[in-house]
Amino acid sequence: MRFTGLNGVGLAAAALCLAAAAPAQAEWVASWAAAPHAPLGTQGPMAAASYDNVTLSQILRLSEGGTSVRVRFTNRYGAAPLEIGAARIVRIDDAGKEVPGTSRMLTFGGEAGAVIPRGAPFASDAVKLDLPDLARVKVEFYLPKPTGPCTCHLTGMDELAVSPPGNHVGKAFQPASKAQFRAFLSVVEVDSPRAKGTIVAFGDSITDGVGSTPGANRRWPDILADRLQAAGKNWAVANAAISGNRILSPGMGEAALARFDEDVLSLPNVKYLILFEGVNDIGNRFGNRGGPQMPGLDQPQITVEQMIAGYKQIVERAHQKGIKVIASPIGPYKGASYWTEEGEAAREKINQWILTGGAFDGIVRFDTAFADPADPQKMRDGYHMGDHLHGSDAGLKAVGESIDLKLFDKD
């Protein structure tokens, strides 16, 4: 039997037909994130929340849009398995009202609920849902059994509502209580075939948005996401900051070095990391630590050299995964409660290395964006929330607008 082969033209035509017929490849990115941390205690003002037979509703603002979505829940610090009885996601408009036709029940391996092992993340199945860039969504889930102290992210800066007893998923309810933290949620991933990848903001309370207006999405990573979308640059921006976080030492969350794999490397399609962290290391090491201390907040006698070694570790681990690292010098904090001359000297040495050491793939100048031109050791008036440490809306806007978007054009 004789076979007739395709000629060059035929091969090209066949390839074009196959390409046209093939569906767009899924490109998952982290459109939203909140890094969880261990409960700070079970009593007192920092006591961790716990829930039983209630529904939680949480408002989130995504960065990159897409055609499908999945939600990653977390029981990283749970003392027992966490049961999810039902869950859904729905788009909301600027007034907080649900957008008709956008409600989707979430499933887990095809099941309506899930039991999340202690210490584990747990992702929902992907569901089809058209999401525009910068979409606001509401995630609801029912907790039928006692959760124990929450695996939470304390600086949520947006609404968490707790229902009266019972399963209220998909039903309107009058909140029994409200809070401003994230509970059992860590990542929202979207399938966006046009997306270039994920940019991760890695830092402390300044990146986490302390000092910004709650519910207004005015953290500097929010400003960056706004600018990228306005410029037609389809990047997802995931905020992996934890208030009080440090490079080398635990306290409010595990140290940056300890949580890097779960909070950065586990996110999908990460291409860039923006690192802005270190003020809590030097402030607690060299400052006045009088008064009540946060639970678990010890302070090893760290050195500038150890800090630089910590930064190098982050860069090396990111580069092993093909992630470029952009860093800012530590911001000014003169006037803050833990500022001292010794701490300032350490900041200047570390910043000199950040700027001239050649370890990073790019530099941004958040320090100068915040700084008072008349005294660069302190923040400009109006750019902090009154404590000379945390940015105001205006200060965080200046930081977000100081980032050269061309940094993300590099292959």
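The values are calculated or read from the model by the stated rules, or taken from the named source; none is laboratory data. Model, not experiment: these values are computed from the prediction. Here the Cβ positions follow ideal geometry from the backbone for every residue, glycine too, while neighbour counts run over all protein chains shown.
Observations on the structure shown:
- Residue count, the range 235-249 (criterion: of a type in the set (Ser, Thr, Tyr) and either touching a Ser or Thr at 6+ places or on another chain (Cβ under 7 Å) or without any contact (Cβ under 8 Å) to a residue 12 or more places away in the chain (or both)): 1
- Among the residues making up the range 221-244, those that are in a loop (DSSP other than H, G, I, E, B) and of a type outside the set (Gly, Ala, Ser) are Lys233, Asn234, Ile242.
- Qualifying residue in the range 190-198 (condition: of a type in the set (Lys, Arg) and at pLDDT below 95): yes
- All positions within the range 301-321 that are of a type outside the set (S, T, N, Q) and in contact (Cβ under 8 Å) with a residue 40 or more places away in the chain: Ile302, Val304, Met307, Ile308, Gly310, Tyr311, Lys312, Ile314, Val315, Arg317, Ala318, Lys321
- Residue within the range 139-152 that is buried (at least 17 other Cβ atoms within 10 Å of the Cβ), touching a Pro at 6+ places or on another chain (Cβ under 8 Å) and part of a strand (DSSP E or B) present: yes
- Residues satisfying the stated conditions in the range 186-238, i.e. farther than 25 Å from Leu257 by Cβ, under 13 Å from the mean Cα position of the chain (by Cα) and among the polar types (S, T, N, Q): Asn217
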